[in-house]
Amino acid sequence: MKSIAIFASGTGSNAQNIITYFKNNPDIYVNCVYSNKENAPVLHKAQQLGVPSLTFNKENFYNSDLILETLKNQNPNIIVLAGFLWKFPEKIINAFSGKIINIHPALLPKFGGKGMYGMNVHKAVVANKETHSGITIHHVTKNYDEGATIFQEKVALSDTDTAADVAKKIHNLEAKHFPKIIEDVILNKI
Ligand code: GAR
């Protein structure tokens, strides 16, 4: 069996889609949802879908080996950041080199970097009068949004689209592609 660890900070629509996508797969499963927020809706979604979860604080994450050791014990084939907003610690990146991927709600290298997450990204895209936005799935390195790109897909925007409209288009793209790309990465197809 191959397993997926998901890190998520908020709503968890991506986590939900990923868990659901692999639910009936006999070879791949989501073994844990990790969150830095004790009351994040993603935790409720994980519970409803029967996936264990673990929450942690800054101290556990950055100044202790708790999460590193837990991950080493679980030994997931891939670590997926699905709306996870904290910088990933270098010691985990080094221990799971090449096995950590993130989804970013824009066409990197545009609209990436510190502070560029969720609605901040979509507001910036609208303010910049972009004709397209999209998603980028990429490897995680010690710098925000800088790892090698695995997959990108774009979507056209209209000049009347609000940031909320862009968010909806992006979430649709994420739902369509992210679980399948995770599967392809696990199976070494890409
Ligand atoms: C997603 O759109 C994801 O791409 C974005 O946060 C949202 C989380 O939604 N991630 C980032 O901005 C990372 N820089 P969700 O909690 O409903 O999956």
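Output yes when any residue across the range 46-67 is within 14 Å of the ligand (Cβ to nearest atom), modelled with pLDDT of 95 or more, over 24 Å from T149 (Cβ atoms) and open to solvent by less than 10 Å² (accessible area, probe 1.4 Å), and no when none is. Yes, there is a match, as at least one residue in the range 46-67 is within 14 Å of the ligand (Cβ to nearest atom), modelled with pLDDT of 95 or more, over 24 Å from T149 (Cβ atoms) and open to solvent by less than 10 Å² (accessible area, probe 1.4 Å).
The condition of being modelled with pLDDT under 95 and farther than 13 Å from L107 by Cβ holds for only one of K168, K180, K176, K142, that being K142. Counting only residues that are touching a helix residue (DSSP H, G or I) at 6+ places or on another chain (Cβ under 6 Å) and surrounded by fewer than 17 Cβ atoms within 10 Å (Cβ to Cβ), the range 139-162 holds 3 of them.
Of the candidates I101, I67, I93, the single residue that is among the aliphatic types (A, V, I, L, M) and out of contact with any helix residue (DSSP H, G or I) (no Cβ under 8 Å at 6 or more places or on another chain) is I93.
T136 falls short on exactly one of the conditions (1) without any contact (Cβ under 8 Å) to a residue 40 or more places away in the chain; (2) touching a strand residue (DSSP E or B) at 6+ places or on another chain (Cβ under 6 Å); (3) open to solvent by 70 Å² or more (accessible area, probe 1.4 Å), and that condition is (3).
Of the residues making up the range 117-131, those that are out of contact with any Ser or Thr (no Cβ under 7 Å at 6 or more places or on another chain) and either over 14 Å from A164 (Cα atoms) or assigned to a helix (DSSP H, G or I) (or both) are G118, M119, N120, V121, H122, K123, A124, A127, N128, K129, E130, T131.
Among the residues of this structure, H171 counts as one that is open to solvent by 60 Å² or more (accessible area, probe 1.4 Å) and within 15 Å of the ligand (Cβ to nearest atom).
The values are calculated or read from the model by the stated rules, or taken from the named source; none is laboratory data. For clarity, every value in this text was computed on a predicted model and none was experimentally measured. Cβ sites come from the backbone with ideal geometry, for glycine too, and all protein chains shown count toward neighbours. SASA here: full protein model, heavy atoms, side chains in, ligands and nucleic acids out. Shrake-Rupley method; radii C 1.70, N 1.55, O 1.52, S 1.80 Å.
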